[in-house]
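The values are calculated or read from the model by the stated rules, or taken from the named source; none is laboratory data. Keep in mind it's a predicted model, so treat the numbers as computed, not measured. Cβ placement follows ideal geometry from the backbone for every residue including glycine, while neighbour counts extend to all protein chains displayed.
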Amino acid sequence: MSKIPLPPAPGADEHVSLALLNSTVLLPGEHRADELGTPEEATDWLIGHGLVPARTALLAYCQNQLAGLRGDLRLLFAAQVGGEAPPQRALDGVNRALAQVPSAPLLRHAPAGGFHRTPAHPVTRLVEHAMAQIAEDAATLLTGDDASRIARCEASPCDRFLLRTHARRQWCSTRCGDRVRAARAYARRQDRDPA
């Protein structure tokens with residue numbers, strides 16, 4: 001897996017949509033790391049986030065669907081951070097993911113355990129079900145109390161999203177924060193010591 005060499009951004013452990021947004025990142029040196037780069041990596045990502053059962057094998061088509069949802073979500077979150085209207089095609093893409101699978105778990109009965117509820121999604125629709133869960137998480141985050149805390153990392157060139165845990169924190173990791181502080185210190189030195 002093309003692991004992102006940074007810890008999860010604040011909020012990504014609680015919100016799978018942020019984890020998906022940040023499954024690709026632009027790193028210093030203009031190198032892009034992508035945890036969904038191959039069907040196997042996309043499958044590992046879904047398994048790692050508990051969205052599909054272990055030993056699932058997905059096709060490139062499924063990888064492309066997941067990467068497409070990520071692109072739509074990045075546009076929506078960027079619009080939220082920028083205070084702008086999102087592109088309609090991104091809204092349509094997320095709404096398609098929300099509508100792909102039934103949202104209400106079906107009622108089942110087992111002789112040993114009695115009644116219970118389980119989501120109805122055949123194995124062939126695992127990715128659609130996972131995408132619906134991710135889209136639901138994103139919709140809840142974008143419309144909830146935490147929407148105003150969504151931010152984009154300010155450490156260039158990083159383009160990850162986070163939930164601000166402090167008003168002054170504008171970066172996704174200690175590494176990015178160190179880069180921002182170093183750039184500020186360098187700029188102050190340049191202002192004091194003009195060549």
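So, of the residues in the range 160-192 that are of a type in the set (A, V, I, L, M), out of contact with any strand residue (DSSP E or B) (no Cβ under 8 Å at 6 or more places or on another chain) and under 27 Å from Ala79 (Cβ atoms), which turns out to be surrounded by the most Cβ atoms within 10 Å (Cβ to Cβ)? Before you say what the answer is, go through the steps one by one.
At the first step, the residues of the range 160-192 found to be of a type in the set (A, V, I, L, M) are 162-163, 167, 180, 182-183, 185, 187.
So of that shortlist, the ones also out of contact with any strand residue (DSSP E or B) (no Cβ under 8 Å at 6 or more places or on another chain) come out as 167, 180, 182-183, 185, 187.
From the residues that got through so far, the ones that are under 27 Å from Ala79 (Cβ atoms) too are 167, 180, 183.
Details: Ala167: 7, Val180: 16, Ala183: 13.
In this case the residue turns out to be Val180.
So which residues in the range 79-102 are small (Gly, Ala, Ser), touching a helix residue (DSSP H, G or I) at 6+ places or on another chain (Cβ under 9 Å) and either closer than 29 Å to Glu40 by Cβ or surrounded by fewer than 11 Cβ atoms within 10 Å (Cβ to Cβ) (or both), if there are any at all? Full working, then the answer.
Our first condition is that a residue be small (Gly, Ala, Ser); within the range 79-102, this holds for 79, 82-83, 85, 90, 93, 97, 99.
Subsequent filtering for residues that are touching a helix residue (DSSP H, G or I) at 6+ places or on another chain (Cβ under 9 Å) retains 79, 85, 90, 93, 97, 99.
Hits for the range 79-102 are Ala85, Ala90, Gly93, Ala97, Ala99.
Report yes if some residue within the range 19-40 is buried (at least 17 other Cβ atoms within 10 Å of the Cβ), in contact (Cβ under 8 Å) with a residue 40 or more places away in the chain and of a type in the set (Gly, Ala, Ser); otherwise report no.
yes
For a quick check of your reading of the model, give me the residue pairs whose first member lies in the range 86-111 and is under 20 Å from Thr143 (Cβ atoms), whose second is modelled with pLDDT under 85 and polar (S, T, N, Q), with beta-carbon atoms closer than 7 Å and at least 6 apart or on different chains.
Pairs that qualify, where the first residue is under 20 Å from Thr143 (Cβ atoms) and the partner is modelled with pLDDT under 85 and polar (S, T, N, Q): there are none.
Test each condition in (1) closer than 21 Å to Phe161 by Cα; (2) surrounded by 17 or more Cβ atoms within 10 Å (Cβ to Cβ) for Cys62 and report the one that comes out false.
(1)
Residues Arg179, Arg169, Arg108: which one is outside any helix (DSSP H, G or I) and more than 30 Å from Gly68 (Cα to Cα)? Write out each step before concluding.
On the way: Arg179 fails: outside any helix (DSSP H, G or I); Arg169 fails: more than 30 Å from Gly68 (Cα to Cα).
Going through Arg179, Arg169, Arg108 in turn, the sole match is Arg108.
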